[in-house]
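Undergrad: Before anything else, here's the structure in question.
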Amino acid sequence: MPRSRSVTTAALAKKARATAKALASQYRLIKASFGSARRTCGKPSCRCAKGFLHEALAFTYKRHGRSMCLHVPKGMQTQARQAAEAYAQAKKLLQELSDTNLQKFEIEGQAIKANGRPTRDAERGEV
Ligand SMILES: [Zn+2]
C-alpha cells in the first residue's frame, strides 16, 4: 500500500530545518557518561591503596578505543549532567533529521518515477 501523499516535501523540508535548529541548540553536548567513579589517588599510604576507594564525580568516555575518565568538580555537577543529556538529545534529533530527509528523498524519488521530473517543491528550491 503506497504511503499517503498528504505530507509534502516542503513540509518535510520545514521539519528538517526545525530539527536541525534544535540539534544546533544542543551544542554544549559531551559524548560521555556522567556519574560517580571509584578510584585510587596514587598515594601509597592512603586508605584507597588498601581497597577503600575514593568516590568522585566523573565523565567516562572512549578515546582511541581506550576507556577514559575525567574528574568533575562538585560545583560543575549540573553542567556535566546537562552536557551528557544534551548528547543523548542530539543523537535523537540527528536520527529524526535523517528519518525526515529519508522520507523526503523517498517522496521525491516517487515523483520523478511517476512524472519524470522533480516535485514542484523541489523546483522552487524548497529541498
Ligand atoms: Zn587515596
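The values are calculated or read from the model by the stated rules, or taken from the named source; none is laboratory data. Values in this document were obtained by computation on a predicted structure and should not be read as measured data. Reconstructed Cβ throughout: ideal geometry from the backbone, glycine too, with neighbour counts over all protein chains shown.
Undergrad: Can you tell me how many residues in the range 64-77 are touching a strand residue (DSSP E or B) at 6+ places or on another chain (Cβ under 7 Å), over 20 Å from Gln89 (Cα atoms) and more than 16 Å from the ligand (Cβ to nearest atom)?
TA: 5
Undergrad: Moving on to the next point. From (1) within 13 Å of the ligand (Cβ to nearest atom); (2) of a type outside the set (Gly, Ala, Ser); (3) surrounded by 12 or more Cβ atoms within 10 Å (Cβ to Cβ), pick out the condition that doesn't hold for Tyr61.
TA: Every condition holds for Tyr61 apart from (1).
Undergrad: While we're on this one: For the range 13-39, what are the residues that are surrounded by fewer than 15 Cβ atoms within 10 Å (Cβ to Cβ) and in a loop (DSSP other than H, G, I, E, B)?
TA: Passing the criteria: Ser25, Tyr27, Arg28, Lys31.
A quick yes/no check of all residues on (1) modelled with pLDDT under 95; (2) among the polar types (S, T, N, Q):
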site: Phe34; (1), (2): no, no
site: Ser45; (1), (2): no, yes
site: Gly65; (1), (2): no, no
site: Leu70; (1), (2): yes, no
site: Glu85; (1), (2): no, no
site: Glu96; (1), (2): no, no
site: Leu102; (1), (2): no, no
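Undergrad: Condition first: more than 14 Å from Ala84 (Cα to Cα) and of a type in the set (D, E, K, R). Now tell me which residues in the range 18-61 satisfy that.
TA: Correct list: Lys21, Arg38, Arg39, Lys43, Arg47, Lys50, Glu55.
Undergrad: A follow-up question, please. Pick from the range 89-119 the residues that are without any contact (Cβ under 8 Å) to a residue 60 or more places away in the chain and not in a helix (DSSP H, G or I): which of them is nearest to Ser33 (Cα to Cα)?
TA: By that ranking, first place goes to Pro118.
Undergrad: Same structure again: State all residues of the range 20-57 that are within 15 Å of the ligand (Cβ to nearest atom) and touching a residue at least 24 places away in the same chain (Cβ under 8 Å); if no residue qualifies, say none. Break it down into steps so the answer makes sense when it comes.
TA: Going residue by residue through the range 20-57, those that are within 15 Å of the ligand (Cβ to nearest atom) are 37-56.
Ala37, Arg39 - these are the residues of the range 20-57 that are within 15 Å of the ligand (Cβ to nearest atom) and touching a residue at least 24 places away in the same chain (Cβ under 8 Å).
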